[in-house]
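Written out below as structure tokens is the structure these notes cover.
Each reported figure results from applying straightforward, stated rules to the coordinates on display, with no laboratory input. Being a predicted model, the structure only gives us computed values, none of them experimental. Cβ sites come from the backbone with ideal geometry, for glycine too, and all protein chains shown count toward neighbours.
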Amino acid sequence: MAKKVLVSGGAGYIGSHVTVELIAAGYEVIVADNMSNCDLTCFEGVKKITGRDDIPFYEIDCCDFGAVNKLFDEQNIDAVIHFAAFKAVGESVAQPIMYYRNNLVSFLNILEAAKNHGGCNILFSSSATVYGETENLPVTEQTPRLPSTSPYGNTKQMCEDILRDVVFATSGSDEPVKGISLRYFNPIGAHPSALIGELPRGVPNNLVPFITQTAIGKRECLSIFGNDYNTKDGTCLRDYIDVVDLAKAHVAAVSRMLDGKMKEDYEIFNIGTGKPLSVQELVDAFEKVNNLKLNYKIAPRRPGDVVAIWADTTLANEELGWKAERSIEETLASAWAWEKNLAEK
Ligand code: UFG
């Protein structure tokens, strides 16, 4: 029988792509989402791509323990991929209580419900933000985490630690929790069908949605935040990972857990391309592949930005048998196709 995977936050940007890839790999998927940062666009897109109209959908808030526990009562969950969290760095600085409450409580509830139901496999959606402003580049999973610069980043570090502690405490018991944290670098792009993609609310904080919204005319001008950094062209370096590649990494990690292939009960993997790209290079590539001119200017540095970060992906390549495959050109073309598709809606 197909194993059941609960995707919390499954109607969102990464969650919807992961749902598609899990179904393609033969898993049964249950989606839970409180719709606080999305509408049904992506879930409808998932149904079209997979041809599945019967994906169980729970509109619940994972901060509601009763609702989460009931879901576990009703469904025999084999693994959880936990995305349900707030993710805007600036907002987290302004509203730390809201961020700590939401991101920590929802995860604690998932863990407790999983434990109550005889244990489970938990995949936590972490971030390269846990490395802070490190100078050891590229970062490996052993690179020490540095103090985070935002409550958002703190919640990622804390949830990683909570998962590790729960795994440790339940090891060898009747209710074992096993865990994997995936540390994503910069997820970008959209599904090749252009039926699912990123749907930022309000003014986008992240680079690629800002670029596509500028190209379509929703924003007047992109600001490149700083060109006086100590990098090859003065702009920041990041590791931009295609969202479909990222989704496939989740399938690899879930299969590793469900097939009993883990080497430790708690594992961490970097998920990136391993190749740094500058903001200017990304903007140039977007213009070239989509054959358009983008209105942009150089602006002051953005407070809180790290100069450069990219992944050493050796561990994910070797242990998960996964590697990033889509080219930056394909990814940027998909982001643009998605934006154009949205404009027609
Ligand atoms: N940038 C611009 N102009 C913009 C937006 C971004 O020049 O309008 C630049 C940023 O300065 C940075 C790069 O594009 O150099 C990437 O910025 P993003 O906001 O897209 O991504 P970040 O690297 O800041 O964010 C990522 C993750 C977050 C995580 C954060 C931690 O998306 O989830 O790293 O630093 F919290």
Taking only Cα atoms of the range 77-139, what ratio of Rg to Rh do you get with Rh as the Kirkwood inverse-distance radius? 1.07
Loop-only check: which trypsin sites (Lys or Arg not before Pro) in the range 221-307 are DSSP coil with at most 15 other Cβ within 10 angstrom? Lys232, Lys261, Lys263, Lys293, Arg301
Rounded to the nearest 20 debye, what is the charge dipole size of the chain about its Cα centre when +1 sits on each Lys and Arg Cβ and -1 on each Asp and Glu Cβ? 640
For the range 195-257, compute Rh as the Kirkwood radius over C-alpha pairs and then the Stokes-Einstein diffusion coefficient at 10 °C and 1.306 mPa s; write the answer in µm²/s, rounded to an integer. 110
Mean Cα-pair separation over length for the range 254-345, i.e. relative contact order, pairs under 8 Å, 6 or more apart, %: 40
Nearest 10 degrees, 0 to 90: helix 243-258 Cα axis against the chain principal axis: 20
At R0 = 30 Å, how high is the FRET efficiency between Glu329 and Asn295 if r is their beta carbon distance? Nearest 0.05 is fine. 0.90
Distance check, please: which entries in Lys4/Lys70; Lys115/Lys248; Lys218/Lys275; Lys70/Lys115; Lys87/Lys263 exceed 24 angstrom between their Cα atoms? Lys115/Lys248; Lys218/Lys275; Lys87/Lys263
The chain: equivalent-ellipsoid semi-axes (sqrt of 5 x gyration tensor eigenvalues, Cα, Å): 32, 23, 19
If you add up the charges near Arg183, with Lys and Arg at +1 and Asp and Glu at -1, over every other residue whose beta carbon is less than 15 angstrom from its beta carbon, what do you get? -3
Would you work out which of Ser255, Val7, Asn230 lies farthest towards the positive end of the dipole of the chain, given +1 charges on the beta-carbon of Lys and Arg and -1 on that of Asp and Glu, about the Cα centre? Asn230
With a cap of 14 neighbouring Cβ atoms within 10 Å, and only residues DSSP puts in a loop, list the GluC sites (Glu not before Pro) found in the range 243-345. Glu264, Glu325
